[in-house]
Amino acid sequence: MATVGQYKCETCGASFSAREELMEHAKVHSATAAAQYKCPTCGLTFKTQAELIEHGKIHKH
């Protein structure tokens with residue numbers, strides 16, 4: 001049986017008692033998670049919709 005915190009995320013330091021939990025958690029750090037919102041005008045990607053909306057202001061004239 002795994003001890004609490006045996007599996008540690010190398011990106012943020014969070015620890016998990018099961019490897020499966022760590023693997024599920026790792027998805028928050030993946031490139032696809034980081035590129036969830038894409039600007040249709042220039043193609044830049046953002047983590048949140050709010051960031052995309054703020055960025056979109058540079059394209060308005």
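The values are calculated or read from the model by the stated rules, or taken from the named source; none is laboratory data. What you are looking at is a predicted structure, and each value in this text was computed from that prediction instead of being measured. Here the Cβ positions follow ideal geometry from the backbone for every residue, glycine too, while neighbour counts run over all protein chains shown.
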Review point. Filtering the stretch 38-55 down to residues that are surrounded by 12 or more Cβ atoms within 10 Å (Cβ to Cβ) and of a type in the set (D, E, K, R), which residue is modelled with the lowest pLDDT?
Key: Lys47
Practice item. Determine whether Ala14 is at pLDDT 85 or above and surrounded by 14 or more Cβ atoms within 10 Å (Cβ to Cβ). Key: yes
